[in-house]
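Okay, structure first, notes after.
The values are calculated or read from the model by the stated rules, or taken from the named source; none is laboratory data. Predicted model, so just to flag it, every value in this text is computed and none were measured. Here the Cβ is made from the backbone with ideal geometry for all residues, glycine too, and neighbour counts use every protein chain on show. For the accessible areas, the whole protein counts, side chains as well, though only heavy atoms, and no ligand, DNA or RNA atoms are used. Shrake-Rupley method; radii C 1.70, N 1.55, O 1.52, S 1.80 Å.
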Amino acid sequence: MKEIWIRVLEEEEQNGIMDKVLSLDDALFGSIPVILYCSTNNTKRRLPFAYALSDAAVDVLKGQYGTDNVKLVTRCSTDELLEQIGDSLSGIQKSLEVLTGCISTSQEGRRLCISGDITKYEP
């Protein structure tokens, strides 16, 4: 999910920015939500859908407000994050299965024994 963040110093600036966003060329409107972030008091304000913009609007906004004050942020959905976690756990499971072959049993109990050349593991 994408979001366009615009940083302002004072909350009073937000209404002016909202007016400027609505005055942008119609071609710059799209489906990316706009968030106004006030750095003075660390608050954010999600603008209504009528203010949603396109990727092309980011460069225009950077020209007006500065590259440090406008960011296009991409966030992963919960499903995507869970899929990434699942992939990581699967990789860990495969590595642990390989390590079980390195466990030996002696009079003192079971031990993990690794010896020989260490090479890069390719799943």
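Quick notes on this one:
- Verdict on residue 24 being within 17 Å of the chain's Cα centre (by Cα) and either at pLDDT below 95 or within 30 Å of residue 113 (Cα to Cα) (or both): no
- Residues satisfying the stated conditions in segment 3-58, i.e. within 29 Å of residue 78 (Cβ to Cβ) and open to solvent by 80 Å² or more (accessible area, probe 1.4 Å): 7, 31, 42, 44, 45, 46, 49
- Segment 32-51 residues that are more than 15 Å from residue 71 (Cβ to Cβ), paired with ones that are modelled with pLDDT under 95 and open to solvent by 90 Å² or more (accessible area, probe 1.4 Å) (beta carbon under 6 Å, 6 or more apart): 40/9
- Note on segment 59-84: residues that are open to solvent by less than 90 Å² (accessible area, probe 1.4 Å), farther than 21 Å from residue 19 by Cα and either assigned to a loop (DSSP other than H, G, I, E, B) or at pLDDT 90 or above (or both) amount to 3.
- Tallying residues that are touching a strand residue (DSSP E or B) at 6+ places or on another chain (Cβ under 9 Å) and outside any loop (DSSP other than H, G, I, E, B) within segment 23-44 yields 12.
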